[in-house]
Ligand code: SF4
Ligand code: SF4
C-alpha cells in the first residue's frame, strides 16, 4: 500500500506580524491577550493599547502549549521578551489553561471589545463564527456587551463543520467561498448543517450529479440560514461586523448578508485576532485602572 | 446586559435569559431551582470592568437546559409558574421555551 500523503485541504496559513512604527520601549504598559480557541490560537501584544505584534496559529493538542506557542510566535519578530509584559488576559474556549494569564475574560466580552477596536465605535452587532461555536453579540459604542448568546452545543454551522466539508470535497478551505459562487443557479440549501448529516447529504447530492461547486453553495447557504436564526434572537442593529475565521468565507458571509440586507463593516486586520485584541485591550484598561487607584 | 444561556438545535431554542441590570445577586434563584442551574458570582464574566456580583447559569448546565428544566415544565397548556422566575424580585429571569 502506498503511503502517499493526502493534502490537507482544511489547512490555513499561520501568520505573525510586528508593527514597525512602534517602539515597545516607549510604552508604559505592554499587555498581552491570548485567545485559545478550539481550532486556532492567537496572541496579540499591545503597547499602550495599540497593536504591536501578533501570532495566529493552529491550536495544538493541549491548551497551555498552544498559548505558549502563540506567544512565542508573536514575539518572534520582535525584540520584546515575555518578562516585559505588564498584564496578560486569557480568553477563548481554552482560557482557563493559559499559564501566563493574570486573569481570564470570556470570549463574548473580548470579541465585542475587539470588534469595537477593529471596526470603530459604530459597531452594534458582532457575529463571531469560531471553530466550534457561534456567538451573536450586541454591544454599545464602547464595545460593552448589551445582549449575547453563544451556541456551542454542536459543530453545525461552525468553522470545524466547514473544515470537515472542505476535506470531504477535497476543496482547499480558502477556495470554498469563491467556488460556491461559480454555479449557474443557486441550489437549495442542504437541509441540515449538522456535520454528520451534511456529510451524507453531500455525498448523496454528488451522486445525483450536482457539481462540487453546487454542493459547496448548498452547504454555505445552509450555514448562512443557521447563523441568521441565531442572530435574530439577539436582534440585529447596524452597523454589523463579523469576526472569527468564518468572516473570510465569502460563500457564507455573502449569503448571510444578503439575507440580512446589511453589508458587514470592513477592516484591514485579520478578523481571527478580534478576541485576543479585545483581551489585550481589557488588560490595558485594567492596568490604567489600578494605576488610577494608586496601586 | 441580556445574557442568553443555552442553545438552539434541531428540536428548538432553549435559552434562559438573565437581565444583569435587573439582577441584584440576592441568590433566591440559586435556592429555588431544584436543578442547580444558577450560581452567584463575584463579578460579571462578560464584563471585566464591572465589579458587581450577579447570577449566571452554571457552565456545565448550559447545554442540557431542555432536560434539566424538564420537571418544572410539564407538557400541556397550563404550565405552572417556574420557581426561578417566581422568586426573582427584579424579574431578571426569563425562558425562551
Ligand atoms: S433571583 Fe433574580 S435577582 Fe436574585 S440572584 Fe437570581 S436572577 Fe439575580
Ligand atoms: S425552570 Fe426549574 S429547573 Fe429550570 S431554571 Fe427554573 S427552577 Fe431551575
Original post:
Could you say which residue among B:53, B:48, B:80 is closer than 26 Å to residue A:143 by Cα and away from ligand 1 (no atom under 16 Å from the Cβ)?
Top reply: B:48
Original post:
For the range A:232-252, what are the residues that are surrounded by 22 or more Cβ atoms within 10 Å (Cβ to Cβ) and in a helix (DSSP H, G or I)?
Top reply: A:245, A:246, A:251, A:252
**OP:** Any residue in the range B:13-33 that's more than 14 Å from chain A (Cβ to nearest Cβ) and within 17 Å of residue B:53 (Cα to Cα): show its pairings with residues that are near ligand 2 (Cβ under 10 Å from one of its atoms) and part of a loop (DSSP other than H, G, I, E, B) at Cβ separation under 9 Å, as long as the two are six or more apart or on different chains.
**Re:** B:23/B:88; B:26/B:88; B:28/B:88; B:29/B:37; B:29/B:88; B:30/B:36; B:30/B:37
Original post:
Residues B:53, B:71: which one is within 9 Å of ligand 2 (Cβ to nearest atom), free of Cβ contacts under 8 Å to residues at least 40 places away in the same chain, out of contact with any helix residue (DSSP H, G or I) (no Cβ under 8 Å at 6 or more places or on another chain) and more than 14 Å from every other protein chain (Cβ to nearest Cβ)?
Top reply: B:71
**OP:** Identify the single condition in (1) surrounded by 17 or more Cβ atoms within 10 Å (Cβ to Cβ); (2) within 15 Å of ligand 1 (Cβ to nearest atom); (3) within 14 Å of chain A (Cβ to nearest Cβ) that residue B:38 does not satisfy, given that it satisfies every other one.
**Re:** (3)
**OP:** Might you let me know whether the range A:173-187 holds any residue that is at pLDDT below 85 and in contact with a helix residue (DSSP H, G or I) (Cβ under 7 Å, 6 or more places away or on another chain)?
**Re:** no
Original post:
Hey, among B:66, B:22, which residue is at pLDDT 90 or above and more than 10 Å from ligand 1 (Cβ to nearest atom)?
Top reply: B:66
Original post:
Do any helices (runs of 4 or more DSSP H) lying entirely in the range A:133-213 carry at least 3 residues that are within 19 Å of the chain's Cα centre (by Cα) and crowded, with 18+ Cβ neighbours inside 10 Å, and which ones are they?
Top reply: A:159-168
Original post:
Which numbered condition trips up residue B:12, out of (1) near ligand 2 (Cβ under 10 Å from one of its atoms); (2) out of contact with any strand residue (DSSP E or B) (no Cβ under 7 Å at 6 or more places or on another chain)?
Top reply: (1)
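Quick check on my filter: what residues within the range A:48-75 are assigned to a loop (DSSP other than H, G, I, E, B) and out of contact with any helix residue (DSSP H, G or I) (no Cβ under 6 Å at 6 or more places or on another chain)?
A:48, A:61, A:62 - these are the residues of the range A:48-75 that are assigned to a loop (DSSP other than H, G, I, E, B) and out of contact with any helix residue (DSSP H, G or I) (no Cβ under 6 Å at 6 or more places or on another chain).
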Original post:
What is the number of the single condition among (1) closer than 30 Å to residue A:280 by Cα; (2) in contact with a strand residue (DSSP E or B) (Cβ under 7 Å, 6 or more places away or on another chain) that residue B:30 does not meet?
Top reply: (1)
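Which residues, counting only those in the range B:83-97, are buried (at least 16 other Cβ atoms within 10 Å of the Cβ), more than 6 Å from ligand 1 (Cβ to nearest atom) and closer than 21 Å to residue A:149 by Cα?
B:84, B:85, B:94, B:95
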Subject >> Unmet criterion (only one of (1) within 13 Å of the chain's Cα centre (by Cα); (2) touching a residue at least 40 places away in the same chain (Cβ under 8 Å)) for residue B:58 >> reply: (2)
Subject >> Members of the range A:79-114 that are part of a helix (DSSP H, G or I) and within 14 Å of chain B (Cβ to nearest Cβ) >> reply: A:95, A:96, A:107, A:108, A:109, A:110, A:111, A:112, A:113, A:114
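Could you tell me which of the residues A:58, A:95, A:103 is surrounded by fewer than 18 Cβ atoms within 10 Å (Cβ to Cβ), farther than 15 Å from residue A:284 by Cα and touching a residue at least 40 places away in the same chain (Cβ under 8 Å)? Working first, answer last.
Working: A:95 fails: surrounded by fewer than 18 Cβ atoms within 10 Å (Cβ to Cβ); A:103 fails: farther than 15 Å from residue A:284 by Cα.
The unique qualifying residue is A:58.
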Original post:
Limited to the range A:133-157, what total is found for residues that are touching a strand residue (DSSP E or B) at 6+ places or on another chain (Cβ under 9 Å) and away from chain B (no Cβ under 13 Å)?
Top reply: 0
Original post:
Which of the residues spanning the range B:80-94 are within 10 Å of ligand 2 (Cβ to nearest atom) and either within 14 Å of another protein chain (Cβ to nearest Cβ) or touching a residue at least 24 places away in the same chain (Cβ under 8 Å) (or both)?
Top reply: B:83, B:84, B:86, B:87, B:88, B:93
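The values are calculated or read from the model by the stated rules, or taken from the named source; none is laboratory data. Keep in mind the model is a prediction, meaning the values are calculated, not measured. Cβ coordinates were reconstructed from backbone atoms using ideal geometry, including for glycine residues, and neighbour counts include every protein chain displayed.
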